[in-house]
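Since every read-out is calculated from the coordinates, none of them should be taken as a lab result. As the structure is a computational prediction, the values presented were derived from the model and not from experiment. Positions of Cβ are generated from backbone atoms using ideal geometry, with glycine treated the same way; all protein chains shown enter the neighbour counts.
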Amino acid sequence: MTDQTPQTSTLRLDASPAAIHQAADLLRAGGTVAFPTETVYGLGADATNGRAVAKIYEAKGRPRFNPLIAHSADADHALALGVFNSDAHALAAAFWPGPLTLVVPTARNCPVSELARAGLESIGLRVPDHPIAQALLRACGRPVCAPSANLSGHVSATTAAHVLADLDGRIDAIIDGGAASVGVESSIVACLDDEPRLLRAGGVAREKLERVLGRALTAPAAAADTVIAPGMLSSHYAPRAQVRLNATRIEPGEAALLFGPALPGAGDARAVVNLSPSADLPEAAANLFAALRGLDQSGAAIIAVAPIPAYGLGEAIRDRLARAAVRE
Ligand code: TXA
Ligand code: MG
């Protein structure tokens, strides 16, 4: 990552058809465009253009070894980029378009650049379920690789304002499409052999994936596993403040991240956000990253987090919070 003053300003686009075509032209010309998906905002570049892909790594200050997900407008396009076994076919049929990324062997004639795949023989594929993302991908006509649109190591961005807080001046354009509805990134399942593996818990709950597969997914790779899921660095989502998990009371001066009923001491907190007063996990997922950013900005040294249940989208929320709690 460089600390140079930005040279250019980032073009703000709305979601009109003309703006989406302008964004698609920028992508085809090798530019970087942030756009909304149903999970989080993505920072897109033409996946077939290695120089364009390099701009993503540069803008994010991202380690080079981290492979990017290639996004397609529909399942047919995605299916042509990889080699799908029966598990991968079943998951694609059930959850695309949607918040699921499949890691499969790369198809022989796959046009996605080696840099986007970080030199791996596998490829991460996703068909987002968001009208603006789909319109952009269709207009672009090429696979678009897109990591979450945040500086490396920061929390993912769920609004255009959050993207710009990290990347203004570092990227060519952004399409403002309002808040992302799911709020956590896609689930990532690797279908590389007979044993499908959950590499990242995300927007499709494990139970739903397993129902389609008809069997259990192997446990997520350990956070330190740099071979299978290089992006899963343990401190990937760290805010500045220290994060204290499974708090049962809030100490004076702490910021409080609640779920369901208020905790004792919350009245004396420096700042309080309740992810979902009614203890609804999808609502909590949608609010998670904005809540972490807001509490971090309160200046509190510690963000105390209420216990989150381990089922459904709770698995993804707990995973992101555990990473946020890791200090480098
Ligand atoms: O919801 C999402 O998936 C968002 C939106 C924008 O689509 N994207 C996203 O991308 O979260 P990113 O780059 O922040 O996270 C992608 C993860 C990384 O941890 C990366 O290592 C992993 O996917 N990944 C990508 N290709 C892979 C591959 N071939 N093998 C293993 N892991 C892979
Ligand atoms: Mg990310």
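Some observations on this one:
- Under a model in which nothing but the beta-carbon of Lys, Arg (+1) and Asp, Glu (-1) is charged, the stretch 21-129 shows a dipole of about 440 debye around its Cα centre.
- Dipole size of the chain about its Cα centre, with +1 on Lys/Arg Cβ and -1 on Asp/Glu Cβ: approximately 360 debye, rounded to the nearest 20.
- With R₀ set to 41 Å, the beta-carbon distance separating Tyr311 from Asn109 gives a calculated FRET efficiency near 0.50.
- Residues Ser72, Ser276, Ser113, sorted so that the one with the fewest Cβ neighbours within 10 Å comes first: Ser276, Ser113, Ser72
- Asp74/His21 FRET efficiency (R0 25 Å; Cβ-Cβ; nearest 0.05): 0.85
- Calculated on the Cα set of the stretch 126-194, radius of gyration then Dmax: 13.6, 45 Å.
- Shape of the stretch 9-84, Cα gyration tensor, a/c cut at 1.5: oblate
- In order along the stretch 108-115, the phi-based Karplus estimate (6.51 cos²θ - 1.76 cosθ + 1.60, θ = phi - 60°) of 3J(HN,Hα) comes to 4, 9, 5, x, 5, 5, 4, 4 Hz; Gly and Pro are listed as x.
- Pair-distance profile P(r), taking every C-alpha pair of the stretch 242-282, with 5 angstrom steps and integer %: 6, 27, 33, 23, 9, 2
- When the Cα positions of Val40, Gly50, Phe84 are compared along the charge dipole of the stretch 40-93, Gly50 comes out farthest toward the positive end, with charges on each C-beta of Lys, Arg, Asp and Glu.
- Listed residues Gln22, His162, Leu151: farthest to the positive end of the dipole of the chain (Cβ charges): Leu151
- GNM flexibility winner over the chain from Leu199, Leu79, Leu257 (Cα, springs under 10 Å): Leu79
- Principal axis extents of the C-alpha atoms in the chain (largest first, rounded to whole Å): 58, 51, 35.
- Packing-based ranking, highest mean first, of 38-49, 244-255, 131-142 given that Cβ atoms within 10 Å are counted: 38-49, 131-142, 244-255
- Both radii were evaluated on the Cα set of the stretch 1-157; the Rg over Rh quotient, with Rh as the Kirkwood radius, amounts to 0.95.
- Percent of Cα-Cα distances greater than 18 Å, calculated over the stretch 81-210: 58
- Take the Cα of Glu207, go 7 Å toward its beta carbon, and the backbone nitrogen atoms of the stretch 288-316 under 20 Å from that spot belong to 307-316.
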